[in-house]
Amino acid sequence: MLIYIVEDEDNIRELEGYALEKNGYEVASFENANDFYIALEKQCPDLILLDIMLPRQDGLEVLKKLRSDLRYRHLPVIIISAKTTEIDRVKGLDLGADDYMCKPFSVMEMVSRVRARLRNVPGADSETLSFEGIVMSQDTRTVSVNGAAAELTYKEYELLKMFLSNPRIVLRRDDILNNILGHDSTGRTLDVHIRTLRNKLGDRGRYIITVRNVGYKLDKDE
């Protein structure tokens, strides 16, 4: 499993990374939010350890941004911070952190909390997303429909992943455009991507259902 550490203090970042790697986790570390965002667009981790007092953009702003993005809304985030008052802890948890640890902290406890949080993530032990014969393998970035390979473009893959990660939930057009196709894309662009994706999914393409004047959802035929 991959864990991202966002921490500007070198010694703490190295300590966290060393402890996690010794316990079998893959780790990538970042000193600031900008480097973290760049990496996040390339690969989504299984969990994030996040400091609050970061340069330029603090950890609470990072957390707000994650929780406002459908792709990362349920991504586990553990705050590890020197801000230790009850108000600080409550604020972090209210903004969407899954756990909050205060510095100085026990390395063994940190690893234990990471394990506990990952055990509670649906599908954390699986790199596969599926729905009614549509199967996506995230480790190999491949998709099959009824056992046959489906060749998708990068955008089509990310669009399908968004549907598979949120089955039976109506995804608003603006959210899809902003999160997958980019702010400059138009509704027409989205419609074209949906149509080609449906075609590539064959008979299972009918499960991508249009919700008039709202968006789309992945669901069985209505």
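The values are calculated or read from the model by the stated rules, or taken from the named source; none is laboratory data. Source: prediction; values computed, not measured. Backbone-built Cβ (ideal geometry, glycine too); neighbour counts: all protein chains shown. Note: areas computed on protein heavy atoms with side chains; ligands, DNA, RNA excluded. Shrake-Rupley method; radii C 1.70, N 1.55, O 1.52, S 1.80 Å.
Whenever a residue of region 150-174 is farther than 16 Å from Met136 by Cβ, it has no partner that is at pLDDT 90 or above and part of a helix (DSSP H, G or I) lying with C-beta atoms less than 6 angstrom away and at least six residues away or across chains. Looking at region 125-222, the helices (runs of 4 or more DSSP H) lying wholly inside it that each contain 2 or more residues that are hydrophobic (A, V, I, L, M, F, W, C) sit at 154-165, 187-200. Suppose we keep only residues that are of a type in the set (A, V, I, L, M) and touching a Ser or Thr at 6+ places or on another chain (Cβ under 8 Å) within region 135-170. Which one would you say is nearest to Asn199 (Cα to Cα)? Top of the filtered list is Ala150.
The requirement of being open to solvent by 40 Å² or more (accessible area, probe 1.4 Å), under 14 Å from Ile3 (Cα atoms) and of a type outside the set (Gly, Ala, Ser) is not satisfied by Glu16. Taking only region 45-95 into account, find how many residues are touching a residue at least 40 places away in the same chain (Cβ under 8 Å) and crowded, with 16+ Cβ neighbours inside 10 Å. The total comes to 16. Looking at (1) farther than 17 Å from Tyr72 by Cβ; (2) in contact with an Asp or Glu (Cβ under 9 Å, 6 or more places away or on another chain); (3) buried (at least 19 other Cβ atoms within 10 Å of the Cβ); (4) of a type in the set (A, V, I, L, M, F, W, C), which is the only condition Ile209 fails? Here Ile209 clears every test but (3).
The condition of being farther than 23 Å from Arg67 by Cβ, touching a strand residue (DSSP E or B) at 6+ places or on another chain (Cβ under 9 Å) and among the acidic types (Asp, Glu) holds for only one of Glu9, Glu26, Glu16, that being Glu26. For first residues located in region 175-188 and under 18 Å from Tyr157 (Cβ atoms) and surrounded by 10 or more Cβ atoms within 10 Å (Cβ to Cβ), partners that are at pLDDT 75 or above and among the acidic types (Asp, Glu) and lie 6+ apart or on another chain with Cβ distances below 7 Å form the pairs Asn179/Asp69; Ile180/Glu158. Within region 158-167, one or more residues are at pLDDT 90 or above, buried (at least 18 other Cβ atoms within 10 Å of the Cβ) and basic (Lys, Arg).
Residue pairs whose Cβ atoms lie under 6 Å apart, sitting 6 or more positions apart in sequence or on different chains, and linking a residue in region 134-145 that is open to solvent by 70 Å² or more (accessible area, probe 1.4 Å) to a partner that is not in a strand (DSSP E or B), are Asp139/Glu127.
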